[in-house]
Amino acid sequence: MWRNWGRTVAVRPARVERPGTVDEVVALVRRAAAEGMAVKAVGAGHSFSAIAEADGVQVSLDALSGLLAVDRGTREVTLGAGTRLRDVPALLAPYGLAMENLGDIDAQSVAGAISTGTHGTGAGFRGIAAQVVGAVLVTGTGEILRVGRDGDPALLPAVALGLGALGILVEVTIRCVDAFDLSAVERPEPLDAVLGSLSERVAASDHFEFFWFPHTDRALTKDNARVPLGEGRSPLSPARRWLDDDLLANDMLRAACVVGRTIPATVPWINRSIVRLSGDRAYSDLSTHVFTTQRRVRFTEMEYAIPADLVLDAFAAVRRAISRSGWRISFPVEVRFAAADDLWLSTAHGRATAYIAVHRFGGEDPEPYFRTVESIMLAYGGRPHWGKMHWREAGDLAPVYPRFEDFGRLRAQLDPDGLFLNPYLRRVLG
Ligand SMILES: Cc1cc2nc3c(=O)[nH]c(=O)nc-3n(C[C@H](O)[C@H](O)[C@H](O)COP(=O)(O)OP(=O)(O)OC[C@H]3O[C@@H](n4cnc5c(N)ncnc54)[C@H](O)[C@@H]3O)c2cc1C
């Protein structure tokens, strides 16, 4: 039985394939097509939505991983599609390169991360898929297709963020940057003060985000500035990192959430205590050590992308909905930002974007809360993260994606028999 990280999907694939070469990928796709079986590549299983659900042939690209080529001049790096993000820094270190921006974990595979539009924060920076300059994939007819750098450039904006619906990615070329450090300031602040100066703070920072713990009037802010590699580096001591990131952010959070799940009335007090104990630290370190953290407390998540200039109104509406409801929400609401990009199915397509993410502790029913927030986000032209929970269908999504029909046509061309479709993709693509 295969289960995703968030325990929202469980499926028993008819067969699991672990190809070690591109030719083996071609062969398994042709074999599955001949047998009339669905095929689905999976990465690290870190999507909360059922986008990676494979009840036919499940394909692990773990053996197609690692560094395949580096062009130091253009800073373009080709990786096997199954490469885990956590392995990328060590692969790039000898070349003095790093990925431009990352989300808040690094467990994902490169192909999985780009296929759902994984992003970090920073109004001047785009998601990981927008850093892709080339890709090689095996289509539904078993052909090898090169797009971008050494192939068809017109297809790159579709293939770089293809939901796993266009083929099996075997190689991905990413434009990197010179390795850099991040200088981080993390602290609890009054929520109203953060909201009152939000646009200025987002504009002044390379990577700004905040977490609001419901039932409190405080926010935890994170403000990361890009600085030259090694310059005045002052990393957290191992003891401080253990205290903050292991004990508080994982072990104590889990214990607090268990208490909150058992006795919901304690949640406001618990949230206030967590905010009091958290944050207030300044340090600098290698970018990847600052961008990403370990998440050991299981939760569910829904995240919506909205135009950045609507974030205050949308956030206020979420706050009102929580205070009007009887819910006791122990996990924070997270607000992040990204620059516009031109990928056809990117949640940041054509607009400067704010992301509002809501979470619930594992074992709690997220649906009433998430559905309420979803209905708020729709009023702001919201686009759901493809890898997180949501209830939208193709008919709702087409109006918010100008290239939706083009994507559908390309999908039908590259995968005429719908080999790569699963129930989630049929729902969102129609
Ligand atoms: C704790 C946690 C933290 C997270 N933090 C963030 C965050 O900060 N920002 C953010 O945006 N998201 C975040 N996510 C969501 C996560 O980044 C995405 O769901 C991502 O897609 C997961 O990558 P994966 O390798 O696990 O892919 P999977 O979930 O295994 O697969 C996702 C999709 O990629 C496709 N795919 C995988 N490999 C291939 C391939 N070789 N060829 C074609 N298609 C392929 C699958 O078929 C599927 O459609 C988080 C998730 C978790 C659980």
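A few notes on this one:
- Ratio Rg/Rh [Cα only; Rh per Kirkwood] for the range 133-237: 1.19
- The order of 375, 205 by accessible area, most exposed first and with a 1.4 Å probe, is 375, 205.
- Percent breakdown of C-alpha pair distances by 10 Å bin, ordered from the shortest bin, for the chain: 4, 22, 32, 26, 13, 2, 0
- Length-normalised contact order for the chain - Cα pairs under 8 Å, 6+ apart - percent: 18
- Modelled FRET efficiency - R0 35 Å, residue 34 with residue 398, Cβ distances, 0.05 increments: 0.60
- Extension gain from residue 178 to residue 245, taking 0.36 nm per residue of separation minus the Cα-Cα distance: 21.4 nm
- Förster-model FRET efficiency, 41 Å R0, residue 15 and residue 192, C-beta, rounded to 0.05: 0.15
- Taking label positions 7 Å along the Cα-Cβ direction at both residue 71 and residue 263, the computed distance is 6.2 nm, reported to one decimal.
- Length released on extending from residue 144 to residue 93, taking residue separation times 0.36 nm less the Cα-Cα span: 15.3 nm
- Neighbourhood net charge (10 Å Cβ-Cβ; Lys/Arg +1, Asp/Glu -1) for residue 282: -1
- Per residue accessible area in Å² of the range 181-384, where ligands, DNA and RNA are left out and the probe is 1.4 Å: 41
- Taking each residue as 0.36 nm, the span from residue 185 to residue 227 lengthens on full extension beyond its C-alpha to C-alpha distance by 13.8 nm.
- Between helix 311-324 and the chain: long-axis angle, C-alpha atoms, 0 to 90°, nearest 10: 70
- In nm, spacing of pseudo-spin labels at residue 86 and residue 7 (7 Å Cα→C-beta vector): 2.0
- Summed residue charge, Cβ within 10 Å of residue 235's Cβ, Lys/Arg positive, Asp/Glu negative: +1
- Here the sum of -39500 (n - 2.57) over DSSP H runs of 4 or more residues, divided by the residues of the chain, equals -7500 deg cm²/dmol at 222 nm, to the nearest 500.
- Within the full protein context, the accessible area of residue 351 is estimated at about 40 Å² for a probe radius of 1.4 Å.
- The range 181-384 - convex hull of alpha carbons, volume per residue in Å³: 122
- Sites residue 417 and residue 276 - FRET efficiency at Förster radius 51 Å, r taken between beta-carbons, to 0.05: 0.35
- With each label modelled as a point 7 angstrom along the Cα→C-beta vector, the residue 201-residue 154 pair spans 4.6 nm.
- 14 Å beta-carbon shell around residue 124, net charge (K/R +1, D/E -1): -1
The values are calculated or read from the model by the stated rules, or taken from the named source; none is laboratory data. Everything numeric in this text was worked out from a predicted model, so none of it was measured. All Cβ positions, glycine included, derive from the backbone under ideal geometry; neighbour counts span all protein chains shown. Only protein heavy atoms, including side chains, enter the accessible area calculation; ligands, DNA and RNA are left aside. Shrake-Rupley method; radii C 1.70, N 1.55, O 1.52, S 1.80 Å.
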